[in-house]
Structures are given as C-alpha cells and as structure tokens.
1. Mind listing whichever residues of region 38-69 are in contact (Cβ under 8 Å) with a residue 40 or more places away in the chain and not β-branched (Val, Ile, Thr)?
2. Suppose we keep only residues that are acidic (Asp, Glu) and outside any helix (DSSP H, G or I) within region 62-82. Which one would you say is farthest from GLN41 (Cα to Cα)?
3. With GLY85, GLY54 as the choices, which residue is assigned to a helix (DSSP H, G or I) and either of a type in the set (Asp, Glu) or under 10 Å from the mean Cα position of the chain (by Cα) (or both)?
4. State which residue is modelled with the highest pLDDT when the search covers only region 27-38 and only residues that are over 18 Å from ARG78 (Cα atoms) and outside any loop (DSSP other than H, G, I, E, B).
5. Would you pick out the residues in region 27-59 that are surrounded by 13 or more Cβ atoms within 10 Å (Cβ to Cβ) and in contact with a helix residue (DSSP H, G or I) (Cβ under 6 Å, 6 or more places away or on another chain)?
Amino acid sequence: MAHPHSLRDDERWRESAACRNFAAERFFPQGASGLAVEVIQAAKAVCRSCPVSGPCLQFAMETDQEAGIWGGTEEDERRRLRRAGRAAGRAARAGRATGAPAVPR
C-alpha cells in the first residue's frame, strides 16, 4: 500500500533535484570500496545541498530502490531504514493486539 502522500506517481519533485545536472553514473557507483567511496561521498555532498532530498528518499523507499544514492542514502542505509520501519510496524501492531502502548513511556 502506498504512503498517503505517495511520490510514486507524482515525480514533480525531480524538477528541483540538485542531481538533475549531473551524470546518473555519479549516483550509481560500482561497488562500495576503493574509488567508489569517493564517488559515494561526492554524491552524498550533492544530496546534502538538495532541497528535495526528503522526497527523494521517500520515493526510493516507496519504490524499493536497491541501487544508487537516493536522498543522501546508500543501499545499506536504506535497508536498515526498511528493517527499522518493519520492526516499528510490528511493535505497533503487537501493542494494539495486546492493548499495550507500542512505545514504552
């Protein structure tokens, strides 16, 4: 199910993306070591200055982008975010099922 404010179908945010004027290869490095580390850091620097890095990351998460730098995150960072989101969802559902609060206070 898509997020209520899904960017899946509305990609107008891309018009304001800081990466628009760069070659796509700059955001899809080959590997995660050696020269790729420099490429990744350069791509993330572009993302840090981008006015739409939040919508970019949201799009990447909604569409399960596995490769590349999206919203200033690498593949493994997005995987961690997905796992954390799934764990939070399970905790919330478990709290509702037992009547207990999902987050201890």
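1. Selection gives PRO55, CYS56, GLN58, PHE59, GLU62, GLY68.
2. Start the filter on region 62-82 by keeping residues that are acidic (Asp, Glu), which leaves 62, 64, 66, 74-77.
Filter once more, so that each one left must be outside any helix (DSSP H, G or I): 64, 66, 74.
Working: ASP64: 22, GLU66: 18, GLU74: 10 Å.
If we take residues in region 62-82 being acidic (Asp, Glu) and outside any helix (DSSP H, G or I), then ASP64 is farthest from GLN41 (Cα to Cα).
3. GLY54
4. Restricting to residues being over 18 Å from ARG78 (Cα atoms) and outside any loop (DSSP other than H, G, I, E, B), the top hit is GLU38.
5. PHE27, PRO29, ALA43, VAL46, CYS47, CYS50, VAL52, SER53, PRO55
The values are calculated or read from the model by the stated rules, or taken from the named source; none is laboratory data. Note that the structure is predicted; figures quoted are calculated from it, not measured. Neighbour counts run over all protein chains shown; Cβ positions are idealised from the backbone, glycine included.
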